[in-house]
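Read the structure below first, then the notes.
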Amino acid sequence: MDYIEIEGGARLEGDITVSGAKNAALPLLATALLATGESTFTNLPDLVDVRTMGKLLAHIGCDVGGTEAGLAVPAGARRISIKPPVSEPKGAPYELVKTMRASVLVLGPLLARYGYARVSLPGGCAIGARPIDQHLKGLKLMGAEVVLEHGYVECKAKRLRGAMILLDMPTVTGCENLMMAAALADGVTVLENAAREPEIAELAMVLNKMGARIQGAGTAVIRIEGVEKLHPIEHAILPDRIEAGTFLVAGALTRGDLFVRGARAEHLDAVLAKLRRAGATLDVEPEGIRVRADKRPLPLDITTQPHPGFPTDMQAQFMVLTCLTEGQSVIKEAIFENRFMHVSELSRMGASIKTDGRVAIVKGVGSLSGAEVMATDLRASASLVIAGMVAEGTTTVRRVYHLDRGYEHIENKLQNVGATIRRKHGG
Ligand code: EPU
C-alpha cells in the first residue's frame, strides 16, 4: 500500500495549480444520463472518485469514452465523453456505492430519464451517518414510488411532476439529485432551504446549457421548470475550491510565498477571512490567490456551516494551523457528527487538542514533531500532510488512498513548490 513521507521544515514558494473540482465533477458526470446524446467533460481531475463515477456510468450502460466498463476512465484522463443508453439502464450496485457515496447522484437522473432507478443505499461513513432521507423525500413529493429493500432504494415514476420541496437542511448532493430529477419533470419544482455551494450554481449552469430552465441556484430557493428533453453539451470543470484552500493553508503555515493558480476568491470568502485573521497576507488576482506569511499564526474561532459559511471540508486543515498558534482556538464541527478523527493523529505529533462532542479546543504549541500517522478520511489526510510539512523531522502518512480520492498528485504539486515529500510503495 502506498504511503507518503514528508521531511518537515520547507517553506512553500512558487506557483501551484489547482485541478478541476471533484465535487463539481461528480454531479456533472451524472448529468450526462439526462442528455439525448454524447456529452463531453474537460478539465477533469485525475482522481479515484472520478474514475469510480466513470466505472459506474459504464456499468449503468453508458458508452464512456468508448471504452469497456471497468476501464472506463483511464488514469490521467482529463476529458471524458459519456453517451447514455437509449433504454434499460442498470442501477448502481453496492460494490461501487460502498467505495463512493456520491454514486447516489445517479438516482435522480436515472429516475427522471428512464422512469426507474435501483441504487444501493450508501450506509454510514467514517465522518458520519450521512443518510439520504432528503433526497428520497424530494423524489416522493415529485410523485416517485420509493421502496427500500435488501439494502437498495428502488424508485419508479412514469414521469416525475414538479413539487414544492422544503429541505430539512441544505444538503449538497440532495439538492443536486433533485435538481437533475426536476429538470425533466412535468411542471415547476421549487427547492427551499437549498444548498448554496458553488458546485450547485455550476450544476444549474450546465443543466441550463443542456436546455433546462433553472433559476436561483446559489441562493436558498431554486426554481426548476421541467422540460421535455435535454441535449448533450461540452463543459470544462471549474477549479477545486477545497484543494485551493488546502494549498493556501499550507502556504501560510510554512511561512511561504505561494501563488495558488485557479483559486477563486468568490468561492473562498470564509476561508480567506480566517486566513487573514490568522495573520496571512492574501493578494487576490484574476488568475489566482497569492498567500504570504512570516509570523506564527494567530488563534481562530471556527464553526463549520453550509456555504457561504466556513466549509467542513476545510476544518481539518485549519485545525493544523490552530495547533501552532500562540493561544487557544475553538473549532466547532456543525455539519458532520464524527469529523475529528485527525485529532488523535495530530496529538501524536505533539498537538494539544481537547474535544467535547463536536467542539475542539486547540491550545497552540511551539512545534509539532514528525510521526507515523494514519489517514482516516480525505480531508483528514490533507491535514496530516500539512502537519508533516511543518513538523520537525519525518512524518509518514499511511492509508493515502483516502488522499488519492480528492487530491490530484498532491506530492508532485507540493514538491514543485519546495516541499520534501515523496510517495513510497509498500510498507
Ligand atoms: N443529511 C441528512 N439527510 C440527507 C442528506 C444530508 O441528514 O438526506 C445531513 C448529512 O448527514 C450531513 C448534512 O446533512 O450531516 C450535510 O450533508 P450533505 O448532504 O450536504 O453532504 P453530501 O452532499 O453528502 C457534500 C460533499 C462533501 C461535503 C459536504 C458538505 C460531494 C460529493 N460531497 O457531501 O464532501 O463535506 O457536501 O459540504 O459533493 C469531501 O469532499 O471530502 C466531502 C466529504
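Could you check, for segment 311-329, whether at least one of its residues is farther than 27 Å from Pro45 by Cα, within 16 Å of the ligand (Cβ to nearest atom) and open to solvent by 30 Å² or more (accessible area, probe 1.4 Å)? No.
Of the candidates Leu191, Leu141, the single residue that is open to solvent by 60 Å² or more (accessible area, probe 1.4 Å) and within 15 Å of the ligand (Cβ to nearest atom) is Leu141. Evaluate segment 60-82: report whether one residue or more is over 22 Å from Asp377 (Cβ atoms), open to solvent by 60 Å² or more (accessible area, probe 1.4 Å) and at pLDDT 95 or above. No, there is no match, as no residue in segment 60-82 is over 22 Å from Asp377 (Cβ atoms), open to solvent by 60 Å² or more (accessible area, probe 1.4 Å) and at pLDDT 95 or above. For the structure I just gave you, tell me whether Leu275 is touching a strand residue (DSSP E or B) at 6+ places or on another chain (Cβ under 8 Å) and open to solvent by 10 Å² or more (accessible area, probe 1.4 Å). Against the criterion (touching a strand residue (DSSP E or B) at 6+ places or on another chain (Cβ under 8 Å) and open to solvent by 10 Å² or more (accessible area, probe 1.4 Å)), Leu275 does not qualify. Among the residues making up segment 267-281, those that are part of a helix (DSSP H, G or I) and in contact (Cβ under 8 Å) with a residue 12 or more places away in the chain are His267, Asp269, Ala270, Val271, Leu272, Lys274, Leu275, Arg277.
In segment 297-336, the qualifying residues are those that are closer than 22 Å to Ala126 by Cα and among the small types (Gly, Ala, Ser), and the one that is nearest to the chain's Cα centre (by Cα) is Ala316.
Given the criteria at pLDDT 95 or above, open to solvent by 10 Å² or more (accessible area, probe 1.4 Å), in contact with a Gly (Cβ under 6 Å, 6 or more places away or on another chain) and among the β-branched types (Val, Ile, Thr), does Thr420 qualify? Here the answer is no, as Thr420 does not meet what is asked.
Which of the residues spanning segment 387-413 are among the aliphatic types (A, V, I, L, M) and touching a helix residue (DSSP H, G or I) at 6+ places or on another chain (Cβ under 7 Å)?
Ala387, Met389, Val390, Val397, Val400, Leu403, Ile410
The residues of segment 88-113 that are over 19 Å from Glu149 (Cα atoms) and surrounded by fewer than 19 Cβ atoms within 10 Å (Cβ to Cβ), listed by number, are Glu88, Thr99. Tallying residues that are assigned to a loop (DSSP other than H, G, I, E, B) and within 12 Å of the ligand (Cβ to nearest atom) within segment 92-105 yields 1. In contact with a helix residue (DSSP H, G or I) (Cβ under 9 Å, 6 or more places away or on another chain), open to solvent by 30 Å² or more (accessible area, probe 1.4 Å) and over 20 Å from Phe310 (Cβ atoms): is that true of Asp186 in this structure? No; evaluated as a whole, the condition is false for this residue.
Condition check ((1) farther than 22 Å from Ala194 by Cβ; (2) of a type in the set (Ser, Thr, Tyr); (3) more than 15 Å from the ligand (Cβ to nearest atom)) across all residues:
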residue: Ala126; (1), (2), (3): yes, no, no
residue: Gln134; (1), (2), (3): no, no, no
residue: Tyr152; (1), (2), (3): yes, yes, yes
residue: Cys155; (1), (2), (3): no, no, no
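Taking the condition touching a Lys or Arg at 6+ places or on another chain (Cβ under 9 Å), free of Cβ contacts under 8 Å to residues at least 60 places away in the same chain and open to solvent by 10 Å² or more (accessible area, probe 1.4 Å), does Thr254 pass? No. The set of residues in segment 370-379 that are more than 9 Å from the ligand (Cβ to nearest atom) and either part of a helix (DSSP H, G or I) or open to solvent by 30 Å² or more (accessible area, probe 1.4 Å) (or both) comprises Glu372, Met374, Thr376.
The values are calculated or read from the model by the stated rules, or taken from the named source; none is laboratory data. Here the structure is a predicted model, which is why all the values come from computation and not from measurement. Don't worry about glycine lacking a Cβ; one is built from the backbone with ideal geometry, like all the others, and counts go over all protein chains shown. Ligands, DNA and RNA are excluded from the accessible area calculation, which covers all protein heavy atoms including side chains. Shrake-Rupley method; radii C 1.70, N 1.55, O 1.52, S 1.80 Å.
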